[in-house]
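The values are calculated or read from the model by the stated rules, or taken from the named source; none is laboratory data. Everything quoted here is computed from the prediction, not taken from an experiment. All Cβ positions, even for glycine, are placed from backbone atoms using ideal geometry, and neighbour counts span all protein chains on display. Please note that ligands, DNA and RNA were not included when accessible areas were found on the heavy atoms of the full protein model with its side chains. Shrake-Rupley method; radii C 1.70, N 1.55, O 1.52, S 1.80 Å.
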Amino acid sequence: MLQVSTIEKEFDRCLEGLKKRGFEDAESHLNEVLTIDADRKKLQGELDDVLHESNKLAKEIGQLFQQGKKEEVNKIKERTSNLKQQSKAMGEELNALESTLTKLLYNIPNIPHSSVPAGKSEDDNEVVKIDDGAIPELKEHKKPHWELIEEFDIVDFELGNKVSGAGFPFYKKEGARLVRGLINYFLDKAVDAGYEEVQPPVVINEASGLGTGQLPDKEGQMYQMEASNLYLIPTAEVPITNMYRDVILKEDQLPIKHAGHTPCFRREAGSWGSHVRGLNRLHQFDKVEVVQVVEPSKSYAVLDEMVAHVQDIIKSLNLPYRILRLCAGDLGFTSVITYDFEVYSAAQEKWLEVSSVSNFEAFQANRLKLRIKNKQGKKELGHTLNGSALALPRIMAAILENNQDGDSIKMPDVLHSYLGFKEIRK
RNA sequence: AGAGGCGUGGCAGAGUGGUCGAAUGCGGCGGUCUUGAAAACCGUUGUGCCGCGAGGUACCGGGGGUUCGAAUCCCUCCGCCUCUGCCA
């Protein structure tokens, strides 16, 4: 969530940014935040005065009791009960103001970076790089992956339907080993790049969902376990970033770099249709996520570092890719700037999103109360970033389609040692 | 899951109704001493909110209550420990 102080100091920039996103009634929202916050401050001061008075009287009563002056005590008690009623009413009003303010702030998205292009939908995203040198020419053998996985019997959707439901496939034989190999390869790359590996829980509580911005608005996108009031994670970003909720980091602990593999669960309600087939969209998929917590002054250098990391992995798999800078309208609620990576899947003749790398600046940190204390003892909110490095199913789809050769599918060289085979045969 | 116990500052650990944001020890930071270091000694050392400031206010797991006054009493939720049960 945005800081009130940011809205106050940089009102015009905030307003402009929200308009760029197409956020309705931006100006009245921002103004309301400032009004309520001013009311809150005023009331807080008044309440403190009342409490001050009543604390003073309570101390007097204590002293009078010790001196045995009971009649005087009774006189003062009348005044305190009056003050108590006042402070109670004021306290309730203050709580109400605070919760209204929080709700308002929860509903205001992050301010896009100045380099983020204007635009409403994915059609307006800006292509910042295309490396399509590796696009294969498929002539005789040009089957989409959903046909290949059936022919080679390596992913089974029917079985998934029976056991779980649509979007929960079984991976089998070389398919299962490819999943395992990719996870290991991606984790090794992350560890080599200095990320500390973690295996987080795949369920999170409500506080964590609020911390990274999945709640309160987007609970419909997560699977919820009502009986225990827990959610299945949509991405490892949630548990990993929440490791640092309510934490004050020392400057010399930074940068915090974590990588973790988890399955990710997404309900994807209403987003199914004939255009999403096979591995293109699933309710459960594997992903290796990288997360960093850094000093504000360094977050853009770190964003570049993360983009380079993802690019390096995709290149090593010899997949054609392009990098998009998301337009304001397509930007996630919590993000200041996001680069999407897409790989080209040659039989579908489609670009598939396989990674999303974002800088949230202090937006998540403000919700998380994630602060950094410098050597002078000054505290400020940290910046959080994360990126997929990488999400598996679409990478699999592109590998299968781009490397098909009739009776076999060749595996990228870098994976051979991870897989124990060089190609998948019928 | 049942019974009992516990939850205090970075850590350890006092405090059972009044002047307690909280003793003490350790750790951290600054200093004295030293060629340097250690030791010793001195000082300092939680977080939020309101305020230009002085200062005020809130926080002893979370929430609620009793009381003029709560770390301390009551209720409730959460977490941890021990025993019993179950189980990869």
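Under a point spin-label approximation (7 Å from Cα along Cα-to-Cβ), what is the A:E60-A:E27 distance to one decimal in nm?
5.2 nm
Defining a contact as two alpha carbons under 8 Å apart and six or more residues distant in sequence, what relative contact order in percent does the stretch A:305-382 show?
On the way: 103 pairs, mean separation 16.7, N = 78.
In percent, rounded to a whole number, it is 21.
For chain A, which whole percent of the accessible surface, found with a 1.4 angstrom probe, sits on carbon and sulfur atoms? Don't jump to the answer; show the numbers that get you there.
Details: 9580 of 20870 Å².
Using a 1.4 Å probe with all protein chains present, chain A comes out at 46 percent carbon and sulfur.
Computed from the mean reciprocal separation of all distinct C-alpha pairs, what Kirkwood hydrodynamic radius does chain A have, in Å? Show your work: numbers first, answer last.
Details: mean 1/r = 0.0409 Å⁻¹.
Evaluated on chain A, it is 24.5 Å.
Taking the Cα-to-Cβ direction at A:K426 and at A:S408 and moving 7 Å from each Cα, how far apart do the two end points lie in nm?
For A:K426 paired with A:S408, the spin-label model returns 1.4 nm.
One-quarter of the Cα convex hull surface for the stretch A:4-106, in nm²? It would help to have the intermediate numbers written out before the result.
Values: hull surface 30.8 nm².
The Cα convex hull of the stretch A:4-106, projected and averaged over all directions, gives 7.7 nm².
So what is the calculated 222 nm ellipticity per residue for chain A, using -39500 (n - 2.57) for each DSSP H run with n of 4 or more, over all residues, to the nearest 500 deg cm²/dmol? Intermediate results must be reported in sequence, preceding the final value.
Numbers: 13 runs with 182 residues, N = 426.
Only helices count here, giving -14000 deg cm²/dmol.
Relative contact order (percent) for the stretch A:4-106, with alpha-carbon contacts under 8 angstrom and 6 or more residues of separation?
Details: 47 pairs, mean separation 34.2, N = 103.
Contact order relative to length: 33 percent.
Contact order normalised by length for the stretch A:172-300, with contacts defined as Cα pairs under 8 Å and 6 or more residues apart; what percent is it? Write out the running numbers ahead of the final one.
Working: 180 pairs, mean separation 37.4, N = 129.
Relative CO of the stretch A:172-300 lands at 29 percent.
On a 1.4 Å probe surface of the protein chains, which of A:S164, A:S355, A:S54 comes out largest in accessible area, and what is the full order?
A:S164, A:S54, A:S355
How far is helix A:70-106 tilted off the main Cα axis of chain A, in degrees rounded to 10, range 0 to 90?
Once rounded, the angle reads 20 degrees.
Please list A:K42, A:K142 from largest to smallest accessible area, probe radius 1.4 Å, with all protein chains kept in place. Please list the in-between numbers first.
Working: A:K42 135, A:K142 80 Å².
Largest accessible area first, the list is A:K42, A:K142.
Mind listing which GluC sites (Glu not before Pro) in the stretch A:101-199 are in a DSSP loop and have 16 or fewer other Cβ atoms within 10 Å?
On the way: sites: A:E122, A:E126, A:E137, A:E140, A:E147, A:E150, A:E151, A:E158, A:E174, A:E196, A:E197; in loops: A:E137, A:E140.
Sites meeting the loop and neighbour criteria: A:E137, A:E140.
At 1.4 Å probe size, with no ligands or nucleic acids counted, give the accessible surface of A:R13 in Å², nearest ten.
110 Å²
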